[in-house]
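Report on the structure given below.
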Amino acid sequence: MYPPQSPPPPPPYTYVPAPLPLPRPPRRWWQHPALIVTALVVLPPAGIALAWTSQWERTQKILATVLSGVWFLIPLLSDAPKETGAEGKAQPAAASAAPAPSSSPPPSPAPTPTPTPSAEPQMPSAVGWPYAQAEKTVEELIDGELKALSAYADVSLPADHGTWLVCFQDVTAGSRLVAQSAAPVVHLVAPGTACPAAPGTDLRPKPAAPAPAPTTAAPTTAPEPDDDGTGGSGGGNVSYKNCTAVKAAGAAPIRRGDPGYGRHLDRDGDGVACER
């Protein structure tokens, strides 16, 4: 027998260094945590998509997805019972609003009374109405026609005056009309024209004639001595106080020897007084 052999020595130990972690890629602007959290709250579908593109760990991504999904489904789940409750309330209300069947026949409508003409028609108040309306209303009450006149004396009434307005009526409103003999009259103005104070007034009054100028002094019959120094007389028994009276009497200019001539009227002594 051979003697037992010893096991071979182990190979020399070699040190293998652990691999270094890979550097993370640079973070983009849409991978910012604040932006992702805001999107998860405001718009959960977009926030979930941004969370899975971020540099978060897998556990953080799953947790963010679950919380955002629950936040997104809460409003949808809470509105459904309200609609169901509203429908449930509407159905009993509709059932209660439905009338119960009745065996009795429906009541027949009451007959409409036929209007009868009044035995004593009365004049309506047509002031402010267009003539066409007043004519139709009044002529239904009488056998004759409604006569129309212009409210202004200097404005003629056209042939087509249906739109002219009534300003005055000769029959007072509420007066009894005799259908066989009534002949009411209305006074009209054109649309947009104001009514006069009374029928027959001029729309454009003529200017008043100027009043004659009053005379300041009337000629007197008392004789006045002639003081022209010639000894001549003015003639007659007419005398004037001043040239204004001479002009008012229509005697200017007045010459020496004419009736009413006086030296006090002839300032320049040329024998002609009140020449200007």
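Every number here is computed from the coordinates shown, using simple stated rules; none is lab data. All of these numbers come straight from a predicted model, not from anything done at the bench. In this analysis, Cβ positions are derived from the backbone assuming ideal geometry, glycine residues included, and neighbour counts consider all displayed protein chains.
Some points to look at:
- Counting only Cα atoms, the size of region 131-189 along its three principal axes is 32, 19, 16 Å, in decreasing order.
- Neighbour-count ranking [beta-carbon atoms within 10 angstrom, fewest first] of Trp71, Trp56: Trp71, Trp56
- In region 131-189, taking the dipole from charged Cβ atoms about the Cα centre, the farthest positive-side position among Leu177, Trp164, Leu188 is held by Leu177.
- Among Leu203, Leu188, Leu76, the ranking by other beta carbons within 10 Å of each residue's beta carbon, starting with the fewest, stands as Leu76, Leu203, Leu188.
- Around the amide H of Val238, modelled in the peptide plane, lie the amide H atoms of Gly260, all under 5 Å away and 5 or more residues distant in sequence or on another chain.
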